[in-house]
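Below is one structure, written out as structure tokens; the observations come after it.
The values are calculated or read from the model by the stated rules, or taken from the named source; none is laboratory data. Since this is a predicted model, take the numbers as computed values, not measurements. Note that each Cβ is placed from the backbone with ideal geometry, even for glycine, and that neighbours are counted across all protein chains shown.
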Amino acid sequence: MNVESGQTFIDLRSDTVTLPTLEMRTAMAQAELGDDVYGEDPTVNELERISADIMRKEAAVFVPSGTMGNLAAILAHCGRGDEVILGDLSHTFLYEAGGISALGGVHPRTVPNQEDGTIAQDVISGAVRDDNPHFPITRLICLENTHNRCGGAVLTAEYMSSVGEFAKEKGLKLHLDGARIFNAAVAQSVSAAELARPADSVTFCLSKALCAPVGSVLCGSEQFISKARRARKQLGGGMRQAGVIAAAGIIALQKMIDRLVEDHEKARELALGLSQIEGIRVEKNPPPSNMIFLSITNALGLNASQLAQKLKENGVLVGVVDVNRLRLVMHYWIHNDEISHVIGAVKKAISG
Ligand SMILES: *Cc1c(COP(=O)(O)O)cnc(C)c1O
């Protein structure tokens, strides 16, 4: 549910719209605080310790957003003019305002993402530069799990491992944009640590399906995290009594991970209902995690934003991805009994 100028909506635009739970608000009010730039906020320190433990990495740093987590990671791994291999549908390439180039002078080598969110191994291998003064130096590979633009696709531990081994062989680093890594983990019944094990660094978001209001965490080795801390400071991400928000993050990690399976179940139920509507195609059915991507056929005589507008008039907010594509994301605040309302709203929008 979301309230906009007095009207209540079923908000499926993203899982970023999730408001903090009452337990989070209470923890936020009661958090022990200090100056985190001095390393003295006990709540931030605890969040970082828990995060590093969950990912089985040596250390972690709390950052204001997933975008800053990825950027700080890439700045810590790469120097100016270094090249990073990343998917052409990756969040870092598409949706982070070109920060790696604008602020880091890092050269993006985009290679095709496959439908399942992976990048073919031979494509990664072919993108690694030889040692030649004409070429930038390949330094880093980035993967994303779950993969947002690939429909919330889930990358397996085996795939992660094989890319990790390749990176090691070539002396490259591997960064995992795990904004929704816990969705990837519960979808496959593996631990997030197992998915992140082959990566030198991993970012995850507290502010998406886990319902915390703000914040992401970047994890890696001690040495890497101390570099990333400097990058965070350069980017203006050194926060002071950040324990106020970290407190919600701790609850997110303790209470909100296992229940993500419910979001995936709701996504499957909604996808099944929507797939029976003429003129709409559910792109990945059943959906791999908490996202549903829909394509609209021409026969409807509506484009995606017109359909989104009609849905809004029926109390449902959805994301417009393309002229003929919509994204619907399931999350904590969508109740089971709202699924049939959404299906009804789509039918109504299409018929009238
Ligand atoms: C949301 C997201 C991010 C960025 O997170 P923000 O907190 O919105 O900056 C990075 N990567 C992926 C895959 C995401 O979905």
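Among the residues of the stretch 324-344, is any among the charged types (D, E, K, R) and over 26 Å from the mean Cα position of the chain (by Cα)? Show your work before the answer.
At the first step, the residues of the stretch 324-344 found to be among the charged types (D, E, K, R) are 325, 327, 337-338.
Imposing the further condition that a residue be over 26 Å from the mean Cα position of the chain (by Cα) reduces the set to 337.
Looking for residues that are among the charged types (D, E, K, R) and over 26 Å from the mean Cα position of the chain (by Cα), one finds at least one in the stretch 324-344, hence yes.
Across the stretch 267-303, the qualifying residues are those that are touching an Asp or Glu at 6+ places or on another chain (Cβ under 9 Å) and either of a type in the set (Val, Ile, Thr) or crowded, with 21+ Cβ neighbours inside 10 Å (or both), and the one among them that is farthest from Trp333 (Cα to Cα) is Thr297.
Within the stretch 113-170, work out how many residues are among the aliphatic types (A, V, I, L, M), farther than 14 Å from Val84 by Cβ and buried (at least 16 other Cβ atoms within 10 Å of the Cβ). Residues meeting the conditions: 5. Scanning the stretch 306-324 for residues that are surrounded by 18 or more Cβ atoms within 10 Å (Cβ to Cβ) and in contact (Cβ under 8 Å) with a residue 40 or more places away in the chain gives Leu307, Val316, Val318. Checking each residue in the stretch 78-105 for being within 16 Å of the ligand (Cβ to nearest atom) and either at pLDDT below 95 or assigned to a loop (DSSP other than H, G, I, E, B) (or both) picks out Asp88, Leu89, Ser90, Glu96, Ala97, Gly98.
Pick out the one residue from Thr43, Thr16, Thr67 that is surrounded by fewer than 18 Cβ atoms within 10 Å (Cβ to Cβ) and either of a type in the set (S, T, N, Q) or not in a loop (DSSP other than H, G, I, E, B) (or both). If you could, list the steps in order and put the result at the bottom.
Details: Thr43 fails: surrounded by fewer than 18 Cβ atoms within 10 Å (Cβ to Cβ); Thr67 fails: surrounded by fewer than 18 Cβ atoms within 10 Å (Cβ to Cβ).
Exactly one of Thr43, Thr16, Thr67 is surrounded by fewer than 18 Cβ atoms within 10 Å (Cβ to Cβ) and either of a type in the set (S, T, N, Q) or not in a loop (DSSP other than H, G, I, E, B) (or both), namely Thr16.
Cβ separations smaller than 9 Å between residues 6+ apart or across chains give the following pairs from the stretch 64-83 residues that are under 21 Å from Arg129 (Cβ atoms) to residues that are acidic (Asp, Glu) and away from the ligand (no atom under 16 Å from the Cβ): Ala73/Asp200; His77/Asp200.
For the stretch 227-269, the tally of residues that are in contact with a strand residue (DSSP E or B) (Cβ under 8 Å, 6 or more places away or on another chain) and in the same structural domain as Phe182 (by TED's automatic domain parsing) stands at 8.
Annotation note: of Phe204, Phe182, the sole residue that is part of a helix (DSSP H, G or I), outside the structural domain of Trp333 (by TED's automatic domain parsing) and either over 21 Å from Glu23 (Cα atoms) or within 14 Å of the ligand (Cβ to nearest atom) (or both) is Phe182.
Can you name the residue in the stretch 333-352 that is in a loop (DSSP other than H, G, I, E, B) and surrounded by fewer than 22 Cβ atoms within 10 Å (Cβ to Cβ) and, of all such residues, is modelled with the lowest pLDDT?
The selected residue is Gly352.
Of the conditions (1) among the polar types (S, T, N, Q); (2) touching a strand residue (DSSP E or B) at 6+ places or on another chain (Cβ under 9 Å); (3) outside any strand (DSSP E or B), Thr110 satisfies every one except a single condition; which number is it? For Thr110, the failing item is (3).
Among the candidates Glu40, Glu32, Glu48, single out the residue that is more than 22 Å from the chain's Cα centre (by Cα) and in contact (Cβ under 8 Å) with a residue 40 or more places away in the chain. Give the derivation first.
Numbers: Glu40 fails: in contact (Cβ under 8 Å) with a residue 40 or more places away in the chain; Glu48 fails: more than 22 Å from the chain's Cα centre (by Cα).
Matching residue, one of Glu40, Glu32, Glu48: Glu32.
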